[in-house]
1. Taking square-rooted eigenvalues a ≥ b ≥ c of the alpha carbon gyration tensor, is the stretch 156-252 rounded, prolate or oblate, where a/c under 1.5 means rounded and, failing that, a/b exceeding b/c means prolate?
2. Just tell me, in residue order, which DSSP H segments of the chain are both 24 angstrom or longer along the helix axis (alpha-carbon based) and at least -1.0 in mean Kyte-Doolittle hydropathy.
3. What part of the accessible area of the stretch 200-344, given as a whole %, is carbon or sulfur when the probe is 1.4 angstrom?
4. Please list, short to long, the whole-number percent of alpha-carbon pairs of the stretch 87-221 in consecutive 10 angstrom bins beginning at zero.
5. Top mean-square fluctuation among GLY186, GLY290, GLY175, Gaussian network model of the chain, C-alpha springs under 10 Å?
6. Over the chain, average the accessible area per residue using a 1.4 Å probe and give it in Å², no decimals.
7. Can you sort ILE193, ILE138 by solvent-accessible area, 1.4 Å probe, largest first?
8. Averaged over every viewing direction, what's the projected area of the C-alpha convex hull for the stretch 233-340? Give it in nm², one decimal, please.
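The values are calculated or read from the model by the stated rules, or taken from the named source; none is laboratory data. Everything numeric here is computed off the predicted structure, so don't read it as measured data. Neighbour counts run over all protein chains shown; Cβ positions are idealised from the backbone, glycine included. Side chains are part of the model used for accessible areas, which takes the heavy atoms of the whole protein and leaves out ligands, DNA and RNA. Shrake-Rupley method; radii C 1.70, N 1.55, O 1.52, S 1.80 Å.
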Amino acid sequence: MNVVLIVGGILIVAIFLGLLRVSTLVSVAKKSGEKVDMTSNRINGLFMILFLVISGIVTIYYSYVWYDDYTLPLASEHGAVTDNLFWITTYVTGFVFILTHIILFVFSYKYQYKESYTADFFPENDKLEIIWTIVPAIVLSLLVFSGLKAWNDITSKAPADAEIVEIMGYQFAWGTRYPGMDGKLGDYNYRLIDADNAFGVDFTDRNAHDDFIPREIHLPKGKPVLFKIRARDVLHSVFAPHFRLKMDAVPGMPTHFWFVPTKSTEDMRAETGNPDFNYEIACTEVCGRGHFSMRMLIIVDEPADYEKWKSEQVPWLAKNPDYLSKIPEEMRELAIINAGISNK
Ligand SMILES: [Cu+2]
């Protein structure tokens, strides 16, 4: 369908260009006494109107057809604020955009050259200039300051009881690490990254012993969550559109984002009528050849289910007991206890 539309569009443009060429040649052949080639002027004027109408129809058509794709159902508290800002900005700028473009193309047609026209000398108009300076200044200030206030609220300090989840981007996947039952993520150091320890977790930090590394992200519904975001190699960007969450993952410069998920995965499946619905993180930084594969599932649970899931997770160290040999001897016993490794 789309290919047909594109080919059709190209053909229409080609036909018009052909017509323009023919009419220009005809007027040259006629050697009409006109100083200005009126035919091509008229055709260009018509093109202006045609461009306005066709591009207007295409814009409206695609905005309508893809509406659901840029208005995903919302599943976070702060998302209501950003959605609201988005629509206010879209209405204001959309109104100005449409108005100025209608004027631009209609005037180009209406005021095309005619011999009877004479130019008007119109050097200045203070009243007009004051209006078109002050009105946009006020409107833009309102938009900017309401955006700034929202941004300050969204990027404020996370509540102390927020669930901490580490998100690490690398070529080409996401990894996630949870602090375990002590609620504290262990330190990391890129020098410690090896074939086993993909996160470079520093197990000389006792907080790291019970950290666990699941395959999917689980989050509790209705509770604040703090994403601690980092990248291992190049720039990546955490994008979870249903939560209206987007934050770059930068190597060597950890970032963070906190939010409150408001709908569980089950809630969203019911709302969208899609039994296969899943929240996900995508990467929105073109980070290399495998960029497209950077997808990670997020499952939002009811708080009780979340706690149950969390308590069932096995610390990374318990799953990889061979790694104990790399932990300094004086810490090994503590690590075994903290990771809950049964000592036979
Ligand atoms: Cu990426």
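1. Oblate.
2. 2-30, 38-65, 77-110, 126-154
3. C and S atoms contribute 52 percent here.
4. 9, 20, 17, 13, 13, 12, 10, 5, 1
5. Evaluated over the chain, the most mobile residue of the options is GLY290.
6. Solvent-accessible surface per residue comes out at 64 Å².
7. Largest accessible area first, the list is ILE138, ILE193.
8. It is 9.9 nm².
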